[in-house]
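Worksheet: one structure, shown below.
The values are calculated or read from the model by the stated rules, or taken from the named source; none is laboratory data. Not measured: the values here are computed from a predicted model. FYI the Cβ positions are ideal-geometry reconstructions off the backbone, even for glycines, and counts take in every protein chain you see. Surface areas here come from the heavy atoms of the whole protein model, side chains and all, with no ligands, DNA or RNA. Shrake-Rupley method; radii C 1.70, N 1.55, O 1.52, S 1.80 Å.
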Amino acid sequence: MTNAVTNTRVAVSAQRILHEIAVSERHLQQSGLLTSRVKDGIAVARAVARRTLNDCAIHFATLASANDGAFTPTPEPELA
């Protein structure tokens with residue numbers, strides 16, 4: 001469970017970073033400060049965050065298959 005919680009936190013953090021990058025990029029573009037050098041830096045930061053999200057997705061996929069059949073729901077007595 002701890003791995004799933006940690007993985008979730010990392011994924012949420014990466015998603016926030018991607019959002020912050022997009023907002024910053026938009027502000028820089030609107031103010032005319034979005035140079036090619038800045039775009040290159042943004043591209044690197046975006047690639048790192050996306051890679052982190054991809055790694056989290058892979059990790060979640062392995063957890064899902066590990067839990068197949070681990071829980072078999074039983075009907076509640078009043079619903080049976």
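For the condition open to solvent by less than 100 Å² (accessible area, probe 1.4 Å) and either among the aliphatic types (A, V, I, L, M) or modelled with pLDDT under 65 (or both), what is the one hit in Ala64, Ala80?
Ala64
Can you name every residue in the stretch 15-44 that is of a type in the set (S, T, N, Q), exposed (fewer than 11 other Cβ atoms within 10 Å of the Cβ) and part of a helix (DSSP H, G or I)?
Once the filter is applied, which keeps residues that are of a type in the set (S, T, N, Q), exposed (fewer than 11 other Cβ atoms within 10 Å of the Cβ) and part of a helix (DSSP H, G or I), the stretch 15-44 yields Gln30, Ser31, Ser36.
With the structure loaded, tell me whether Arg51 is surrounded by 11 or more Cβ atoms within 10 Å (Cβ to Cβ), basic (Lys, Arg) and within 20 Å of the chain's Cα centre (by Cα) or whether it fails that test.
Yes.
Output the residue which, of all residues in the stretch 26-61 that are modelled with pLDDT under 90 and small (Gly, Ala, Ser), is farthest from Ala11 (Cα to Cα).
Top of the filtered list is Ala61.
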